[in-house]
Amino acid sequence: MNLEVDAGNDTSSLPQRPETVVVVPERDMVNILSGLNMRKLTSGSSSGGSSEVTPLLNGSQEGPCYAYSSRNRDEEGELVDSTSTVRSTDDTNRDLSRFHSILKTAKLVFLSAVMIFCVVSLSFIKVHDDSWNSIAISRGTPVRINVTGDIAFNKETIHLRAKGPFLPGEYYGITQDFVSFSVAKITLNGTYEAISSEWRVLLAAKTRDFEVDTKVLKHDFILQSGEMSDSNAYQVTISTNKRRDIVSLSVDVSVRPKLAVGHIIMALCVLVGLYVMIIFELVHRTLAAMIGATVAISCLALTGVRPSMMEILTWMDVETLSLLFGMMVLVSILCETGFFDYVAVLTYKLARGQIWALITGLCLVTAILSAFLDNVTTILLMSAVVIRLCEAMNIDPKHMLIAMVVFSNIGGAMTPIGDPPNVIIISNKKIQAAGIGFGDFTLHMLPVIVVCVGATYALLRIIYRDMTTLRFTDPPEVVELKHEIEVWKKAFNSLSGYSRDEDTVRAILHRKITVLETLLRKKLYDAKISEDDYRASLKELTNTFKLKNTSLLLKSGFIIGTVIIFFFLESIPGLNLSIGWIAILGAIFLLVLGDFDELESVLGRVEWSTLLFFGALFVVMEALSRLDLVWYIVNMTQDAINSVGESHRLLVAIVLVLWISALSSSIIDNIPFTTVMVQVVADLADNEDMKLPIKPLVFALSLGACLGGNGTLIGASANVVTAGLSEQHGYRFSFCDFFKVGFPVMILTTVISTAYLLLCHVWLGWNE
């Protein structure tokens, strides 16, 4: 065998690395491959004329075209040539195009059938009319309403809706006036037997003839098998303790099954369909949410409770949409000043061009800010800086944004104001009555959040241990080195290893590939840059990115600073501005101070598709709640806790509440889930037979809902906002891109939270 390794001419792009070639004459190649009698026919020309050239000699990006022919012996021992060629690229592309065309047609047919179903169902099913009963009650004169179920179910629920001058939960302890609702069952012999605890609702000072704004509240009296009436008839008693005045309100009472299997199946179909469209990117996620909302409303129509258009509009969280819109306008105006470009250069200078130093700093800042600001606000403020910085450092922004929003969800769990689920939890009147305030909540959550932040950072170092996944494109020398490795690998794989000679050649090629891969790893994992390169990059960035409009920057800084201050003051009693109003007023004020000749450039930066996605998602989640999917999850949790003995009940309750909240918040938005689950936690703590303290259940719910938002792209509002901003700047990431990072982080942090809660509340008994 004549195998020669020649160090030839240097390439222009890699002046310090000689080109390595292997010259294998044709006569020797036939001898080497004598066992298989294989020869390679290579098209191309060498500098020497017509001599054969292997693909290993070609160092360019365009490899040679070649085919293989094998010479086998027939039954008489004669050599027979049988040439096998690879299918042409045109044929392969044509087959792929035909396959994609079939899939596209199937998708359009299926989605068209879904929309036809929606059109038919909404065209022929009328809007459900609310059967409100207007009543007036006073102290000592309660009102009783009899209600009868049409079907005898194994488990029933008395569904009650009340509309009147009610106060939110934060006024608990300030006013002593309330309306109470209780349920009694009517037996066959006509006797009445109380079967439920009271549901109390706080009253405003003026309650006659709806002199104040009315609120619609809902409550379900879940009846166990021993509490159900043999006559299938019940009586709801409504009373008040208010003196010297009449309370006017309207109520709607109905009996329905505790769990309607058909409703749950429809809800699961809607949810699975929504996830399939988003995960496989069959349509844009905004369109997927709109289709899901339409199908969910059609399912409600089939169940006989089709909502009106006005009712559907009330399902949307106007506060969240107002906050998003206002902050998007503020950030859009701030972009006009060049502020984010300047901050990007400053951050690059502080990090000295090191990628992990940059990631560490940004993630820590994001986690800390999210603890004291709403995490959606934090993402809106930080994302523009991150994108500019990544562009300056030749890093793919989507990875940085995913890491940032993950830390935002973790940091937001630390305080009652950092994440919307925590705001919902801390606003519950029973939780406030248990003495869980801002300080106590933060004190309990701080240790576990600090550990989760550290563990998540370590996991990110493992996930992104390959630095190539963080960069836009590889440097030219790395690209050429990768190409050379691929060429050697093709030569290596072309040898079958059926003979000793072939094994010898394969061993030589394998050693060559190993050497090149070692060199590649050194180039990729060495994150340090030379001082000269760093200074040159910093000088170029400083000259390119400068502040554009100092006057507008000062105005923007003043307004945004004022808005953030008001966010902190929003919970102070007497300040009648919600976070949505604060953001809207700040945006309008800055538009006035900016004195823009045209608004298209500002409003064009607003993520309208993200706002529409949120609106449709709110409709989907409310419809799923009305189809009893959320209550199914809740009831399964209650039944599992009830089935455990008293000695292990707290342990099981903590684990179930935490993990069910985390997994559920991954697949459905954590805001509607928390709204329902917080009532369950309060009821579990109120149940004297179960003897469960409320604090560990509250912290389990908070950790599960907040950390579970990292599980999927639509698990938390901040995730969706980040995806929209990334897409607007041209760096779109998919559901799977987020899932690969977010879901492992969710599992890891939930495991840490489980250990922390069990240690503190089960073994140490920190329940007071």
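Averaged per residue, what accessible area in Å² does region 265-326 show with a 1.4 Å probe, protein chains only? List each step's numbers first, then the result.
Working: 2640 Å² over 62 residues.
Here the residues of region 265-326 average 43 Å² of exposed surface.
Ranking 109, 563 from most to least accessible surface, computed with a 1.4 Å probe over the protein chains only, gives 109, 563.
For region 698-703, backbone phi angles converted through the Karplus equation (6.51, -1.76, 1.60; θ = phi - 60°) give residue-by-residue couplings of 5, 5, 5, 5, 4, 5 Hz, Gly and Pro being listed as x. Counting only protein heavy atoms and a 1.4 Å probe, region 554-597 has 61 square angstrom of accessible area per residue.
Residue ranges 707-716, 642-651, 317-326 sort as 707-716, 317-326, 642-651 when ordered by packing (mean number of other C-beta atoms within 10 Å per residue, highest first).
Near residue 395, the amide H atoms lying under 5 Å from its own belong to 472; only residues 5 or more places off or on other chains count, and H is placed 1.01 Å from N. Identify the residues of region 103-143 with backbone N under 19 Å of a label point that sits 7 angstrom from the Cα of residue 308 along the Cα-to-Cβ direction, or state none. Only 122-135 fall inside the zone, counting backbone N under 19 Å.
Full extension of the segment from residue 612 to residue 109, taken as 0.36 nm per residue of separation minus the current Cα-Cα distance, would add 178.6 nm.
Annotation: region 247-371 has a Kirkwood hydrodynamic radius of 19.9 angstrom, from the mean reciprocal C-alpha pair distance. Projected onto its three principal axes, the C-alpha set of region 621-768 covers 56, 35, 22 Å, listed from the longest axis down. Amide H contacts of residue 499: none lie under 5 Å away among residues 5 or more positions distant or on a separate chain (H built 1.01 Å from N in the peptide plane; Pro and chain starts excluded). Highest mean packing comes first when the peptides 450-457, 594-601 are listed by Cβ atoms within 10 Å, giving 450-457, 594-601.
Could you list, in their original order, any pairs among 398/430; 215/555; 489/740; 555/740; 398/548 whose Cα atoms are separated by more than 32 Å? The pairs that break the limit, which is 32 Å between Cα atoms, are 398/430; 215/555; 555/740.
Per residue, how much accessible area does region 600-676 have with a 1.4 Å probe, in Å²?
33 Å²
In sequence order, region 285-297 has phi-based couplings of 4, 5, 5, 4, 5, 5, 5, x, 5, 5, 5, 4, 5 Hz under the Karplus curve 6.51 cos²θ - 1.76 cosθ + 1.60, θ = phi - 60°, and Gly or Pro positions carry x.
The values are calculated or read from the model by the stated rules, or taken from the named source; none is laboratory data. From a predicted model like this one, the values you see are computed outputs, not experimental measurements. Cβ coordinates were reconstructed from backbone atoms using ideal geometry, including for glycine residues, and neighbour counts include every protein chain displayed. Accessible surface areas use protein heavy atoms only, side chains included; no ligands, DNA or RNA. Shrake-Rupley method; radii C 1.70, N 1.55, O 1.52, S 1.80 Å.
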